[in-house]
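The values are calculated or read from the model by the stated rules, or taken from the named source; none is laboratory data. Treat the numbers as computed from the prediction; the structure is a model and nothing was measured. As a convention, Cβ positions derive from the backbone with ideal geometry for all residues, glycine included, and neighbour counts pool all protein chains shown.
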Amino acid sequence: MPEAEIGISGTSIFVRFRKDIFTEEYLKKLGLNTRQVRAVLYTKASGKITNKEYQNLYKVSKRTATNDLDALVQKNVFEKIGTKGKGTFYIIKRAIIG
């Protein structure tokens, strides 16, 4: 379950629970391939994924892993942390609550 939002509005305190939209069905509707869907589910469970992990999990080249992960960033599913190299990883992008 996604993290709850706790806030204050006037004289009230509220807790808001948001539904996790990144279900397998929703991800397929975004046009993701099977590897990408599995990577999102993996990242939801583990908290993050690296390019190297993606390569090892799905037996793909570095270029394919990079292309797949970049596509997930473009579709606003993943957020890239770091710019390049071994310290770079990807996390599930959280919705901005405004």
Odd one out for Leu57 among (1) part of a helix (DSSP H, G or I); (2) closer than 19 Å to Tyr26 by Cβ: (2)
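Would you please name the residue that is modelled with the highest pLDDT, looking only at residues in the range 38-48 that are assigned to a helix (DSSP H, G or I) and over 16 Å from Asp68 (Cα atoms)?
Ser46
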Considering only the range 61-73, I want to know if a residue exists there that is within 12 Å of Lys93 (Cβ to Cβ) and either part of a loop (DSSP other than H, G, I, E, B) or among the polar types (S, T, N, Q) (or both). no
Identify the residue in the range 1-37 that is basic (Lys, Arg) and under 24 Å from Leu72 (Cβ atoms) and, among all such residues, is modelled with the highest pLDDT. Arg35
Give the range 39-60 a look and list any residue that's under 13 Å from Ile91 (Cβ atoms) and not acidic (Asp, Glu), or say none. Ala39, Val40, Tyr42, Thr43, Lys44, Ala45, Ser46, Gly47, Lys48, Ile49, Thr50
Could you tell me whether Leu27 is under 12 Å from the mean Cα position of the chain (by Cα), in a helix (DSSP H, G or I), crowded, with 16+ Cβ neighbours inside 10 Å and not β-branched (Val, Ile, Thr)? yes
Being part of a loop (DSSP other than H, G, I, E, B) and either under 24 Å from Phe17 (Cα atoms) or in contact (Cβ under 8 Å) with a residue 40 or more places away in the chain (or both) is the filter here, so list the residues in the range 74-98 that pass it. Lys75, Asn76, Val77, Lys93, Arg94, Ala95, Ile96, Ile97, Gly98
Determine which member of the set Ile21, Ile8, Ile13 is part of a loop (DSSP other than H, G, I, E, B), of a type in the set (Val, Ile, Thr) and surrounded by fewer than 14 Cβ atoms within 10 Å (Cβ to Cβ). Ile21
Quick check on the range 52-98: of everything there that is under 13 Å from Gln36 (Cα atoms) and of a type in the set (Gly, Ala, Ser), which residue is surrounded by the most Cβ atoms within 10 Å (Cβ to Cβ)? Ala65
